[in-house]
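Working notes, beginning with the structure itself.
The values are calculated or read from the model by the stated rules, or taken from the named source; none is laboratory data. These figures come from a predicted structure and were not determined experimentally. Neighbour counts run over all protein chains shown; Cβ positions are idealised from the backbone, glycine included.
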Amino acid sequence: MIRLCRRWLASIAVVLLGGVLLAQTPKTTPKHSPSAQTSSRSQEQRDSYRKAMEEADQKIADEVKAHSELMKNLEYLTTQIGPRLTGSPQMQAASDWTLKRFQEYGVDAHLETAEIDHGWTRGLETAEITSPVQKRIGIHAFGWSKGTDGDVSGEVVVLNIEKVADFDQYKGKLKGKIVMLRKPIDMSKQDPNPENAYDAVIAPPKGVPKEAMGYRQYFQLLRLLNEEGPALVVFDSGKTYSLYNMTGGYPRYKPTEIPLAFLTHEDYDLLYRLLKSGPVNMKFNLHDTFTDQAVPAAITVAEIKGSEHPEQRVIIGGHLDSWDLGQGALDNGTGAMAILEAARTLKALGWKPKRTITFILFTGEEQGGIGAETYLKNHEAEVGQMDAALIHDTGTGKVFSIALENLWETAPLMSEIYQPLEEVFEMEPLSTRYFGASDHVGFLDQGVPAYFCIQSPAHYREVHHSQTDTFDKVIPNEINEGAALLAAWAWNVSEMPEALPHHAPKAESAGD
């Protein structure tokens with residue numbers, strides 16, 4: 001589960017580690033991986049491929065500019081359907097609607113459905129500081145957080161913990177308390193000009209030493225908290241301008257043992273300052289509910305069959321699910337609708353790819369990874385024939401590069417595939433960064449060459465998981481270009497004479 005839910009787990013770690021999760025640095029190629037594959041084709045053949053792909057990619061870009069339906073589809077998704085928690089009626093409605101849209105574009109499509117243990121619905125959520133001052137404040141529970149039956153009051157305490165062993169001093173003292181797990185996040189340390197949208201929400205190390213505790217240690221800390229029975233654990237949202245953050249509880253799709261919730265950074269900081277002068281008391285109500293039974297969680301899968309190698313798949317995808325405070329516009333309605341637009345574009349051009357091009361709208365990327373997990377389980381026998389995958393998942397900004405994700409053995413062929421994109425879409429060179437935090441991670445773990453779009457920030461830090469993730473933040477030209485890029489990359493991979501090399505699945509290389 002951890003392998004398939006890396007971004008979901010990391011999002012909790014962002015909160016617990018004070019808003020800073022250190023990005024992984026490039027690693028060496030696994031020793032069981034194939035050596036870097038070089039083309040056996042002549043320079044003339046490579047030049048011919050490049051010229052053909054540049055012409056095709058330009059036609060794709062022109063088709064999107066002339067006839068895109070991305071913004072119309074995204075407006076319907078965010079306005080008429082709205083936010084899409086995994087397992088919710090809105091998420092199922094989105095899956096049904098995207099299935100219909102693919103089919104209306106003439107693309108073969110179907111749903112693949114799993115189940116999650118419980119659906120979760122956010123209800124009335126209120127909080128108030130009752131002493132030493134009286135002030136109503138906002139509060140939002142973690143997804144799948146245990147709720148309350150009405151108002152609950154308690155004394156606020158802040159913990160000072162740098163390592164799990166530090167918790168010993170609080171044992172027997174937290175029952176019924178409202179616990180702040182750490183001091184407020186130092187917002188002055190946020191990079192004012194992040195290189196890309198991912199870095200805007202999960203900052204790279206840039207020489208800063210790692211925190212003493214990683215997310216596994218924090219899960220251990222939460223288990224210790226569960227045993228103490230606090231009334232509530234509150235977290236700093238770590239965003240400016242009274243914006244909220246959001247993440248999921250643990251274990252996935254089941255009630256947490258104690259209520260967990262976010263406060264705005266401003267209110268969290270106020271509590272901390274009040275505590276310096278004496279006792280602070282609060283009351284809160286989290287009227288959030290769970291379904292009694294398991295509920296469906298569907299992904300939408302569409303395909304344009306290959307003419308020469310239909311058994312081989314080139315996959316592009318984005319997640320259709322979202323958090324529920326906003327409308328799920330940039331995280332990740334933009335990515336999902338870019339995939340839909342890429343399918344419309346390639347079908348409208350009437351081309352026949354050599355390999356099958358598969359379009360996947362995942363569910364559960366935000367809440368446990370069930371969508372990618374479902375697809376890989378259903379298509380386990382076909383993993384060896386999955387040529388490559390590319391995921392779009394960081395908002396509305398321009399895609400300016402693609403991350404190699406440590407797949408050094410694919411670099412020669414990937415560079416050939418990428419060169420026409422550089423010319424047509426004015427891209428920067430392929431990135432050697434490792435991101436490893438979206439739906440492509442499950443594919444990587446199975447040995448499939450899987451890549452990640454790197455996008456400009458485009459106010460992603462503020463929008464990400466917050467109430468301001470709304471349709472009005474979308475930049476039409478940039479996300480339409482992203483859709484064209486996805487279609488062009490998929491086409492270029494489908495037409496490459498040689499397949500990108502797979503690497504050893506994670507289970508086989510775990511001891512390396």
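Brief remarks on what is shown
- Members of region 351-366 that are surrounded by 24 or more Cβ atoms within 10 Å (Cβ to Cβ), within 26 Å of residue 498 (Cα to Cα) and charged (D, E, K, R): 355
- Residue ID - farthest from residue 477 (Cα to Cα), chosen from residues in region 402-413 that are outside any loop (DSSP other than H, G, I, E, B) and touching a residue at least 60 places away in the same chain (Cβ under 8 Å): 409
- Which numbered condition residue 409 fails, given (1) within 22 Å of residue 366 (Cβ to Cβ); (2) more than 21 Å from the chain's Cα centre (by Cα): (1)
- Close contacts from region 161-176, counting a first residue that is more than 15 Å from residue 229 (Cα to Cα) and in the same structural domain as residue 283 (by TED's automatic domain parsing) and a second that is surrounded by fewer than 13 Cβ atoms within 10 Å (Cβ to Cβ) and among the small types (Gly, Ala, Ser), with Cβ to Cβ under 8 Å and a gap of 6+ residues or different chains, come to 162/212; 163/212.
- Only residues that are among the hydrophobic types (A, V, I, L, M, F, W, C) and buried (at least 18 other Cβ atoms within 10 Å of the Cβ) were counted across region 341-350, and they come to 3.
- Subset tally (residues that are closer than 17 Å to residue 379 by Cβ and more than 20 Å from the chain's Cα centre (by Cα)) for region 273-332: 11
- Of the listed requirements (1) modelled with pLDDT of 95 or more; (2) among the β-branched types (Val, Ile, Thr); (3) more than 24 Å from residue 61 (Cβ to Cβ), residue 402 misses just one: (3).
- From the list 85, 99, 70, the one residue that fits, being more than 29 Å from residue 253 (Cα to Cα), modelled with pLDDT of 95 or more and surrounded by 17 or more Cβ atoms within 10 Å (Cβ to Cβ), is 70.
- Residue count, region 186-204 (criterion: of a type in the set (A, V, I, L, M, F, W, C), in a loop (DSSP other than H, G, I, E, B) and at pLDDT 95 or above): 0
- Residues in region 389-401 that are part of a loop (DSSP other than H, G, I, E, B) and not polar (S, T, N, Q): 392, 393, 395, 397, 398.
- All positions within region 70-98 that are closer than 18 Å to residue 292 by Cα and in a loop (DSSP other than H, G, I, E, B): 85, 86, 87, 88
- Within region 371-396, the only residue that satisfies the criterion of being farther than 15 Å from residue 440 by Cα, touching a strand residue (DSSP E or B) at 6+ places or on another chain (Cβ under 7 Å) and small (Gly, Ala, Ser) is 395.
- Scanning region 387-397 finds no residues that are polar (S, T, N, Q), modelled with pLDDT of 95 or more, closer than 28 Å to residue 48 by Cα and in the same structural domain as residue 318 (by TED's automatic domain parsing).
- Scanning region 101-125 for residues that are within 17 Å of residue 346 (Cα to Cα) and either free of Cβ contacts under 8 Å to residues at least 12 places away in the same chain or part of a loop (DSSP other than H, G, I, E, B) (or both) returns 103, 104, 105, 106, 107.
- Exactly one residue out of 230, 255 is within 30 Å of residue 293 (Cβ to Cβ), under 23 Å from the mean Cα position of the chain (by Cα), assigned to a loop (DSSP other than H, G, I, E, B) and outside the structural domain of residue 463 (by TED's automatic domain parsing), and it is 255.
- Among the residues of region 141-157, those identified as more than 12 Å from residue 232 (Cα to Cα) and either surrounded by 13 or more Cβ atoms within 10 Å (Cβ to Cβ) or in the same structural domain as residue 324 (by TED's automatic domain parsing) (or both) are 143, 144.
- Subset of region 451-507 (residues that are in contact with a Cys (Cβ under 9 Å, 6 or more places away or on another chain) and modelled with pLDDT under 95): none
- Test: residue 166 is more than 25 Å from residue 217 (Cα to Cα), of a type in the set (Asp, Glu) and surrounded by fewer than 17 Cβ atoms within 10 Å (Cβ to Cβ): no
- Residue in region 367-376 that is surrounded by fewer than 22 Cβ atoms within 10 Å (Cβ to Cβ) and small (Gly, Ala, Ser) present: no
- For region 378-388, taking the residues that are free of Cβ contacts under 8 Å to residues at least 60 places away in the same chain and either within 24 Å of residue 473 (Cα to Cα) or not small (Gly, Ala, Ser) (or both), the one that is surrounded by the most Cβ atoms within 10 Å (Cβ to Cβ) is identified as 379.
- Of note, residue 225 satisfies the criterion of being in a helix (DSSP H, G or I), free of Cβ contacts under 8 Å to residues at least 60 places away in the same chain, of a type in the set (A, V, I, L, M, F, W, C) and in contact with a helix residue (DSSP H, G or I) (Cβ under 9 Å, 6 or more places away or on another chain).
- Enumerated strands (runs of 3 or more DSSP E) restricted to region 261-368, each holding at least 3 residues that are touching a residue at least 60 places away in the same chain (Cβ under 8 Å) and outside the structural domain of residue 398 (by TED's automatic domain parsing): 281-286
- Flag for residue 401 being more than 18 Å from residue 300 (Cα to Cα) and touching a strand residue (DSSP E or B) at 6+ places or on another chain (Cβ under 9 Å): yes
- Test result for residue 39, of a type in the set (Ser, Thr, Tyr) and at pLDDT below 90: yes
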